[in-house]
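The numbers here are math on the coordinates, done by the rules we state, and not lab data. Since the model is a prediction, treat every value here as computed from it, not as a measurement. Cβ: placed from backbone, ideal geometry, glycine included. Neighbour counts: every protein chain shown.
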Amino acid sequence: ARQEWGGNPCCAPDVHVALDAQFGHRQSARVLLDPLIAPHQFFLSTCELDNARSHVNACRSRRSEQAAVAPQLEDDVLDCCEQSFKAADQDRQRARAKAYTVHGIMAIVCQHNVPLFVANLVDPGEWHYYAVALIWKVSQHLPGMATLGILYDIACQLDRAMRQVRLMGLSRGHAADTLLPHGYMPELRHQVTWGTSVLHAYGHQWACQLVYHPRKCPGFGFSDGENCERLWSETSDLIPLERLMGPHRREYAIEAHLTHLALQHQLGLGTWLTRQLCKVQQRRVVGITNLAQQDVSHDTLRTWWKDQQESQCSLRSCTPLPQCPCFRISSCSKQGLTGSLTMQHSNSRTWLRNMHAWCSSWKPLQLI
């Protein structure tokens, strides 16, 4: 194991953490203020959240002057992912705008399922500044050169927001091609790599999965990013009690439960590591056996995978098949002939010619 901090974030980040929000841990607007019981250990302060909100708003106000530097995906792919999450978030905002003062909590959890910090969601919806505040808080407790691998449901959006830069012209005394980082957390821009949690990755575009799925990008190994989901399962008993608790009593109850869970997972860390090591060794044996049965070298497989990523990392590369008058194609693209075909007519020479031309122009890639 590596003993020094500062691993390459693209292939071996030092720390794996998971981010997620849970909208069940909310507080009714009818409760009265109660006295502070104990200082916070897990919850972020209002000042820390306000600083993150100001930072995010300042970055967004300069959006007209920004351009993505070295984008991993085209904007059309990321826009499609963003619109799908916005639609779900707007429904949540309309339903819970006035009934609650706290709409849930967001947590950041380490790879070993130990909760690190949580933040109250005082706004309806899952805003970016909550994630920024939690990442800042964790980075304050790590060495300055430490690198982070972050698994989050909408990692593609946060990654794009961090990569924003501003072009400086000659009129300001800079070279015409000077790029100044103006995205989120510019001090951590080269120390963070992003991935989507495994169960949520399939809600993204296929091109997005090729880049951000933790099983398809190096550095995350078998980390699934669902550590927060396990935490929500372990704290679900508190949900009905929190609705009518005072704000400080509610936070004290959550922190007491998180303290117990953190101690429990820390004491069982040896068992967890042994279990995970056995799983990795078993998967390694299966992988080596499967590769040995294939008459293809490792370099060839890596070349095929790289070609597939380059050819499919955009919406335009997934051109649909020509519509057939004698078949109804429900879902079919260059990603594979996965559509279900329903017979409607018989002969269609025009469609056959179009299909022949389409197949002749596309060289299928091997799926790994």
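Odds and ends about this structure:
- Sorting 294-307, 126-139 by their mean Cβ neighbour count within 10 Å, with the most densely packed peptide first, gives 126-139, 294-307.
- Net charge of Cβ neighbours under 14 Å - reference Leu142; Lys, Arg +1; Asp, Glu -1: -2
- With R₀ set to 41 Å, the beta-carbon distance separating Arg284 from His40 gives a calculated FRET efficiency near 0.45.
- Loop chymotrypsin sites (Phe, Trp or Tyr not before Pro), the range 196-267 (other Cβ atoms within 10 Å of the site Cβ: 14 or fewer; DSSP): Tyr202, Phe222
- Two-site FRET efficiency, Lys306 against Trp5, from Cβ-Cβ distance with R₀ of 35 Å, rounded to 0.05: 0.75
- Using only the C-alpha atoms, the convex hull of the range 250-293 corresponds to 63 Å³ per residue.
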